[in-house]
Each structure stands twice: as structure tokens, then as C-alpha cells.
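**Student:** This is the structure I have questions about; it appears just below.
Here, each number is a calculation from the coordinates, and none is a lab measurement. Every value quoted in this text rests on a predicted model; they were computed, and no experiment measured them. Ideal geometry is used to build each Cβ from the backbone, glycine not excepted, and the neighbour counts take in all protein chains shown.
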Amino acid sequence: MKQLIMNTERELALWLDTTITEGKPNKPRDIKAVLLYYGFGDDAEPTLEQIAEELSIGTRERVRQVLNSTFKAKASIDDFPVLRSALQRIGQIEFASISAIRGELIGSGVISQNTHIRGLLKLGSDLSAIGAYELVDHELCKLARSEAEFEEMAFIGTDAAIKRLRVAYQKAKTLPGQLGLASREYLTDLIDVEAAANVWSLLKLRIDSEFIQDGDQEWYMLEDRDNNLVNNCEKIFR
């Protein structure tokens, strides 16, 4: 018989099955409630009301009681070595593509194709095993939809790193200014090298960006309202 590789979902389900007393009323339902709460389902962040309705538990307060009594009051990160391994890898990240990190974690067998990174972060946070992270798109806007994390232009970063990048990204958007063009070298001088590399990659994902290579020099322009040259040309040639 083929042995199943232990991943974060199976590890959590097995722990719940072991720690919840056999024969306890509604044991399967309570296990399902915890799994759903941490994103092991169709939705990465179902509300307590949604879980209550789906499992016919009653009220959101009853779901909260189930979560506390079956998991939060008992669990420790030491109970979940597979999860800890996944969180340690995420914890090494300041800013990265979610698809790249997901690929690594899937390749090592610690998560499945459908695992929500958002759910793992929530689980890790409740176990005090990881810091504050944010999921954003290529313009550093918070991902509104849970399924957006499965898209190519989705990123993960620490709250501090995202905050720094937002400042740097805004500067990069306004740099072309009157001239209409800005160089990568000047961008790197204005902010730090690592931030400039990340911002440069993000700028390339914009549909309104254009890039020019001239020997060792790289330049960019943005066809948006922050680019005065483009705006003035639009007025002249109307």
C-alpha cells in the first residue's frame, strides 16, 4: 500500500483526529470547521458565519468556541513539524513571487496544489510561529480576492518590506516626470539596490510601461498621469 506524503493539511487533520476524543459528538464536523477556518477548502478566508452555515453549527460564536476548544487552546507549533518547515521557508522571505514560493513548497511535498498561502499564514500567526506578512499584486495593492494568490502577478512580503517598497514604487512612478524617461541607474541611486531590483521587476509588469536598452544603460517610461511629457504631448497633438 502506497504511503501518503505528509503535508500541512493531512498533518493538521491527523492531529485533530488524535486529540479530539473518539466518540465525541460532532467530531468530524469540528475537524472540518478547523480545516475550513485555516483555508483548507475552497475559500482561503471563510467567515465564521460561512462556516456555521456550511456545517450547520449554529452561530459564529459557536464556531469560535469550537476553534478555541479543539485547536487554539491546545495546539503548539511543536505539534506540526511539516507546517513548521513550510513556515520557516516563508519566514526567510522579505519579498517574493507567491508562485515561486508555492512551487518550492509543493516540490518539497509540504503543501498541495490547492493549499492557500494565506491560510498557512493565518495558521502560523495563531501558533505564534511567523511574523506579519501581506499578499499583494504587481502594483503592491493588497490582494482582495483569495484566489488571486494563485495568479502569476501575486507577491508575498513582510509588512515592513511592503511598506518600504510602496514608498520606492511611488518614487519610481514619478521619476520620469518632465523628461518622460528615467534611468535604472538613477532609480538605484535614489533607493537601495535590492528595492530597486524589486521595483524594476514590478514596473515591467505594468501594461503602461516601456523600456529602452542603450548599451549598459536601461531606461523606462510610464504612459500615465504622472508623466508630464506624455500628458503635454497628448494636449498638443489633440
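**Student:** Taking the Cα centre of the chain as the origin and placing charges on Cβ (Lys, Arg +1; Asp, Glu -1), which of Leu135, Leu87, Thr18 is farthest toward the positive end of the dipole?
**Tutor:** Towards the positive end, the residue furthest out is Thr18.
**Student:** Only Cα pairs within less than 10 Å get springs; with that Gaussian network setup on the chain, which residue of Leu36, Leu179, Leu143 has the largest fluctuation?
**Tutor:** Checking each option, the largest mean-square fluctuation is seen for Leu179.
**Student:** Could you pull out every one of the lysines with an alpha carbon less than 23 Å from that of Lys32, ignoring same-chain neighbours closer than 8 positions?
**Tutor:** Leaving aside lysines fewer than 8 places away in the same chain, those within reach of Lys32 are Lys24, Lys72, Lys74, Lys122.
**Student:** Cα gyration tensor of region 167-222, axes a ≥ b ≥ c as square roots of the eigenvalues: rounded (a/c below 1.5), prolate (a/b > b/c) or oblate?
**Tutor:** Taking the square roots of the gyration eigenvalues as a ≥ b ≥ c, region 167-222 is rounded.
**Student:** Same structure, new question: Per residue of region 90-107, in order, report the coupling 6.51 cos²θ - 1.76 cosθ + 1.60 (Karplus, θ = phi - 60°) as ³J(HN,Hα) in whole Hz, putting x for Gly and Pro.
**Tutor:** Per residue, the Karplus-derived 3J(HN,Hα) values read 4, x, 7, 8, 9, 7, 6, 5, 5, 4, 5, 5, 4, x, 4, 5, 5, x Hz.
**Student:** Once phi is turned into ³J(HN,Hα) by the Karplus curve 6.51 cos²θ - 1.76 cosθ + 1.60 with θ = phi - 60°, what whole-Hz value does each residue of region 197-213 show in order, with x for glycine and proline?
**Tutor:** Calculated HN-Hα couplings, in order: 5, 5, 5, 4, 5, 5, 4, 5, 8, 6, 6, 9, 9, 9, 10, 10, 10 Hz.
**Student:** Rounded, prolate or oblate for region 31-127? Axes are the square roots of the Cα gyration tensor eigenvalues, ordered a ≥ b ≥ c, and the cut-off for rounded is a/c under 1.5.
**Tutor:** prolate
**Student:** When the Cα centres of region 1-54 and region 88-135 are compared, how far apart do they sit, in Å?
**Tutor:** Using only Cα atoms to place each centre, the spacing works out to 19 Å.
**Student:** So what are the ³J(HN,Hα) numbers for region 168-176, from phi and the Karplus equation (6.51, -1.76, 1.60; θ = phi - 60°), rounded to whole Hz, Gly and Pro as x?
**Tutor:** Each residue's phi maps through the Karplus curve to give 5, 5, 5, 4, 4, 5, 9, 4, x Hz.
**Student:** Then there is this: Out of Asn68, Asn114, Asn26, any idea which swings most in a Gaussian network model of the chain, alpha carbons joined below 10 Å?
**Tutor:** Largest GNM mean-square fluctuation: Asn26.
**Student:** Sort 159-169, 204-214 for me by packing, meaning the mean count of neighbouring Cβ atoms within 10 Å per residue, highest on top.
**Tutor:** Top to bottom by mean Cβ count within 10 Å: 159-169, 204-214.
**Student:** Just how large is the dipole of region 8-76 about the Cα centre, in debye to the nearest 20, putting +1 at every Lys and Arg Cβ and -1 at every Asp and Glu Cβ?
**Tutor:** Result for region 8-76 is approximately 380 debye, rounded to the nearest 20.
**Student:** Taking amide H positions as placed in the peptide plane 1.01 Å from N, state which residues far from Ala182 in sequence (5 or more) or on other chains have amide H under 5 Å from it.
**Tutor:** For Ala182, the qualifying residues are Tyr220.
**Student:** Would you pull out the residues with amide H under 5 Å of Ala154's amide H, same chain only if 5 or more places away, H placed 1.01 Å from N?
**Tutor:** Ile98, Ser99
**Student:** Sticking with the crude label model, points 7 Å out along Cα→Cβ, report the distance from Ser56 to Asn114 in nm, one decimal please.
**Tutor:** Placing both labels 7 Å along Cα→Cβ, they lie 2.2 nm apart.
**Student:** For region 142-172, which GluC sites (Glu not before Pro) are in a loop by DSSP, counting at most 14 other Cβ atoms within 10 Å?
**Tutor:** Passing both the DSSP loop test and the Cβ count: Glu151, Glu152.
**Student:** Scan region 1-93 for GluC sites (Glu not before Pro) in coil per DSSP, keeping those whose Cβ has at most 16 other Cβ atoms within 10 Å, and list them by number.
**Tutor:** Of the GluC sites (Glu not before Pro), the ones in loops of region 1-93 whose Cβ has at most 16 other Cβ atoms within 10 Å are Glu22.
**Student:** A further question on this structure: To make sure I understand the rule: partners must be lysines, Cα under 27 Å from the Cα of Lys171, and not fewer than 8 residues away in the same chain. Which ones qualify?
**Tutor:** Straight-distance partners of Lys171: Lys142, Lys163, Lys204, Lys235.
**Student:** Suppose each label sits 7 Å from its Cα in the direction of the beta carbon; what would the Asp17-Gln92 distance come out to in nanometres?
**Tutor:** Between Asp17 and Gln92, the label points sit 3.1 nm apart.
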